[in-house]
Amino acid sequence: MFEPFRKSGSRETDYPLLVSALGHLLEGETNSTAALSNASALLNWFLDDINWVGFYLYDKGEEQLVLGPFQGLPACVRIPPGKGVCGRAYASGETQIVEDVLKFPGHIACDSASRSELVVPIFQGESVIAVLDIDSPETGRFDEVDAQWMEKAAGVLSAFCCEI
């Protein structure tokens, strides 16, 4: 059972607690849907000023990202590689920090309230198999510190993501 921890308000203190809690929460879980569902719930609880957090898993057969477990309003179900922020993170294998989604060419608007976005590729070996997508209604919500810690979280999550 997850026991919420007290957040101090210091990212230097709180982000390591998040990554540790994520590891403990998922320890021993063998079902990827259950693991990613709990991970999205934990991230939604932990991250302030966000309106959507979840996963897109790569579907080899259809050659696109497909919506996985998430927290937030209903979202886009399929995203081609290279399209939008998620597709770019998948295709490039690089974390995407978008300060203002309204200025991002080809942005795919799943929630009209979103103004900034952080998308982190999730790897197994050298292959990107999924992305972690986080949206905020605030412009400029995400920075390099957020990206670095979400990349560490993605490392923990890589065991629970799979191509479909």
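Applying a threshold of 8 Å to beta carbon distances and a minimum spacing of six or more residues, or different chains, the list of pairs starting in segment 41-68 at a residue that is under 29 Å from R6 (Cβ atoms) and ending at one that is assigned to a loop (DSSP other than H, G, I, E, B) and of a type in the set (S, T, N, Q) reads N51/S114; W52/S114.
Looking only at residues in segment 106-123 that are aliphatic (A, V, I, L, M) and part of a strand (DSSP E or B), the one that is nearest to R141 (Cα to Cα) is L118.
Contact map, segment 83-109: first residue under 15 Å from A147 (Cα atoms), second residue modelled with pLDDT under 95 and among the hydroxyl-bearing types (S, T, Y), Cβ cut-off under 9 Å, separation 6 or more or different chains; pairs are G93/S127. When segment 86-123 is filtered for residues that are among the polar types (S, T, N, Q) and over 20 Å from F70 (Cβ atoms), only S92 remains. Does segment 11-30 contain any residue that is under 21 Å from S116 (Cβ atoms), surrounded by fewer than 21 Cβ atoms within 10 Å (Cβ to Cβ) and acidic (D, E)? Yes - at least one qualifying residue is present in segment 11-30. Of the residues making up segment 49-64, those that are closer than 22 Å to A109 by Cβ and basic (K, R) number 0. Annotation note: of I134, I129, the sole residue that is under 13 Å from the mean Cα position of the chain (by Cα) and more than 20 Å from F46 (Cα to Cα) is I129.
Just one of the listed residues (V77, V85, V53, V98) is aliphatic (A, V, I, L, M), over 21 Å from D143 (Cβ atoms) and at pLDDT 95 or above, namely V77. The single residue among D146, D135 that is touching a strand residue (DSSP E or B) at 6+ places or on another chain (Cβ under 8 Å), crowded, with 16+ Cβ neighbours inside 10 Å, in a helix (DSSP H, G or I) and modelled with pLDDT of 95 or more turns out to be D146.
The values are calculated or read from the model by the stated rules, or taken from the named source; none is laboratory data. Owing to the predicted nature of the structure, the values given are computational and were not obtained by experimental measurement. FYI the Cβ positions are ideal-geometry reconstructions off the backbone, even for glycines, and counts take in every protein chain you see.
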